[in-house]
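The values are calculated or read from the model by the stated rules, or taken from the named source; none is laboratory data. This is a predicted model, so every value here is computed, not measured. Heads up, the Cβs are rebuilt from the backbone with ideal geometry, glycines too, and the neighbour counts pull from every protein chain shown.
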Amino acid sequence: MGSCAAPSAKGDDKFITTDYLQQCHMGQMVVTILSAVAQAERRRILERTNEGRQEAKLKGIKFGRRRTVDRNVVLTLHQKGTGATEIAHQLSIARSTVYKILEDERAS
């Protein structure tokens, strides 16, 4: 291990690099302490986030992306004889989405 003297070349004293911190025991200790503090803070953030999520679920708040199309509307239009391209155009969705819904209905 080298000495813990601060870098002395002109301009080097503005930033302490990871290499410098790992050159001596004190630097390693500082890095270890900062790492432990960061891990503890991350755990606290996760705990608070999970608590908030549980409270929201109890209040009936739903998570995830909203459905952009009602499957029943697609199926009704298809049963009336409307083609997939026209259904997609009317509902402003992709034609592949229409085919996916129709395929899922056939499979079930």
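State all residues of region 35-60 that are over 30 Å from residue 105 (Cβ atoms) and either part of a loop (DSSP other than H, G, I, E, B) or of a type in the set (S, T, N, Q) (or both); if no residue qualifies, say none.
35, 39, 49, 50, 54, 59
Given the conditions (1) surrounded by 10 or more Cβ atoms within 10 Å (Cβ to Cβ); (2) at pLDDT below 85; (3) in a helix (DSSP H, G or I), and given that residue 19 satisfies all but one, which numbered condition is not satisfied?
(1)
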